[in-house]
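So the structure is just underneath, and the comments pick up after that.
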Amino acid sequence: VRSRRQRQMCIRDRGKYISVIKGAIFDVVVDLRKKSKTFGKTFSIILSEKNSKSLYVPAGFAHGFCTLKKENYVVYNCTKYRDSKNENGIIYNDEDLKINWPTKKPIVSVKDKKNLSFINFKKKFIK
């Protein structure tokens, strides 16, 4: 993964286990469980080979990350297989979520640039 690579805030109905065996990432989750007291709140953590921390993200949360080193090996396990027909996401720099990403000029894929704002995501997917 390239340096300062930004990964979309993807939403899937599956759990994810993230760990870094080389390098470091800034990892973010957003609670999308409608009835949760923490709905719309974010949590961020740095995962790295040095701190040996891992993160489990349950179903019902958005997840994204930004690499912090030039070379990164990220272990990313999911509880269900990927379904490209059901992929959707929230734009990484959403104004309402106010995530303080550690880079001002991230490398963002064309696909990820098309993600919805948090407001539009709620209107479309959270009833």
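The values are calculated or read from the model by the stated rules, or taken from the named source; none is laboratory data. Source: prediction; values computed, not measured. No Cβ is skipped: glycine too gets one built from the backbone with ideal geometry, and neighbour counts run over all protein chains shown. We work out accessible area using only protein heavy atoms, side chains counted, and drop any ligands, DNA or RNA first. Shrake-Rupley method; radii C 1.70, N 1.55, O 1.52, S 1.80 Å.
Take every pair of alpha-carbon atoms less than 8 Å apart whose residues are at least six positions apart; their mean separation over the length of the chain yields a relative contact order of 37 percent. When shorter helices are ignored and each DSSP H run of at least 4 residues is given -39500 (n - 2.57), the per-residue value for the chain at 222 nm works out to -2000 deg cm²/dmol.
Using a probe radius of 1.4 angstrom, the carbon and sulfur fraction of the accessible surface of the chain is 52%. Dipole check for the range 24-109: with +1 at the C-beta of Lys and Arg, -1 at the C-beta of Asp and Glu, and the Cα centre as origin, the magnitude is about 180 Debye.
Please give the length that would be gained between residue 38 and residue 53 if that part of the chain were fully extended, namely 0.36 nm times their separation in residues minus their C-alpha to C-alpha distance (nm, one decimal).
3.1 nm
Based on protein heavy atoms only, the chain ends up with 62 Å² per residue of surface accessible to a 1.4 Å probe. Equivalent-ellipsoid semi-axes for the range 71-115 (Cα gyration tensor, √(5λ), whole Å, largest first): 22, 16, 12. Distances between every pair of Cα atoms in the chain, grouped in 5 Å steps from 0 to the bin holding the largest one, split as 2, 11, 21, 25, 22, 13, 4, 1, 0 percent.
Taking a 31 Å limit on the Cα-Cα distance, which of the listed pairs 85/127; 53/80; 80/104; 37/124; 69/123 fall beyond it?
Details: 85/127 20 Å; 53/80 23 Å; 80/104 33 Å; 37/124 21 Å; 69/123 36 Å.
Pairs exceeding 31 Å: 80/104; 69/123.
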